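A quick write-up on the structure given underneath.
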Amino acid sequence: MSISQSIESSTVAAGIAAKYLKQDGLLVLTGASAVNGAKGTPGMVGYGLAKAAVHQMVASLSMDGSGVAASVVGILPTTIDTPSNRAGMPNADFSSWTPTTDIADQLYAWAADSASCENGRLYTFVTEAGKTRIE
């Protein structure tokens, strides 16, 4: 399931971006902070494999010759605050989960000015005590 949700959907998005996005466009793919760097994902190997592949896609698609003229970035949230995540983890600390509105606001800002984000970069969304910062 992780592979189809992450790799296959990112591959479809990349194909559409290569065909239709112009140079000032923006392709955003979703990776995971748990997979960034040398971190492993014991107990979630398929998830880690799929998200690491997305990170590689961001790096590769942002390079000259990839066929994608637009900027390509990755977002790396920890846990996104969604109804299904809350239902699945009812005893978690929700103040450390990133609200969907924080992600949407940042994507809107980047889409309005793709020069405001660095092509090929993986942006980590960190939420602590209900406040989100982007690293």
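Quick note: the coordinates plus some simple rules give every number you see, no bench work behind them. Predicted model only: the values in this text are computed from it and were never measured. We place every Cβ from the backbone using ideal geometry, glycine too, and count neighbours over all the protein chains shown.
For the residues S84, S95, S33, a GNM of the chain with alpha-carbon springs under 10 Å puts the largest fluctuation on S84.
Return the single residue from T78, T11, T41 with maximal mean-square fluctuation; model: Gaussian network over the chain, springs between Cα atoms under 10 Å. Highest fluctuation among the options: T41.
Return the tail of the calculated pair distribution for the chain, meaning the percent of Cα-Cα pairs more than 28 Å apart. Value for the chain: 16 percent of Cα pairs lie more than 28 Å apart. Helix 45-61 and the long axis of the chain differ in direction by around 30°, with both axes built from C-alpha atoms. Extension gain for the segment S9 to A92, taken as residue separation times 0.36 nm less the Cα-Cα distance, is 27.1 nm to one decimal.
The number of Lys pairs in the chain with C-alpha atoms less than 27 Å apart, excluding pairs fewer than 8 positions apart on the same chain, is 5. Taking Lys and Arg as +1 and Asp and Glu as -1, the other residues whose beta-carbon sits under 15 Å from that of L29 total 0. Remark: the L49-D113 segment gains 19.9 nm on full extension, using 0.36 nm per residue and subtracting the alpha carbon distance. Summary of the geometry: the stretch 113-135 and the stretch 6-64, compared by the centres of their Cα atoms, lie 15 Å apart. Calculate, for A59 and E135, the FRET efficiency according to 1/(1 + (r/R0)^6) with r their C-beta to C-beta distance and R0 22 Å; round to the nearest 0.05. The computed FRET efficiency comes out at 0.80. The mean sequence distance of close C-alpha pairs (under 8 Å, at least 6 residues apart), as a share of the length of the chain, puts its relative contact order at 27 percent.
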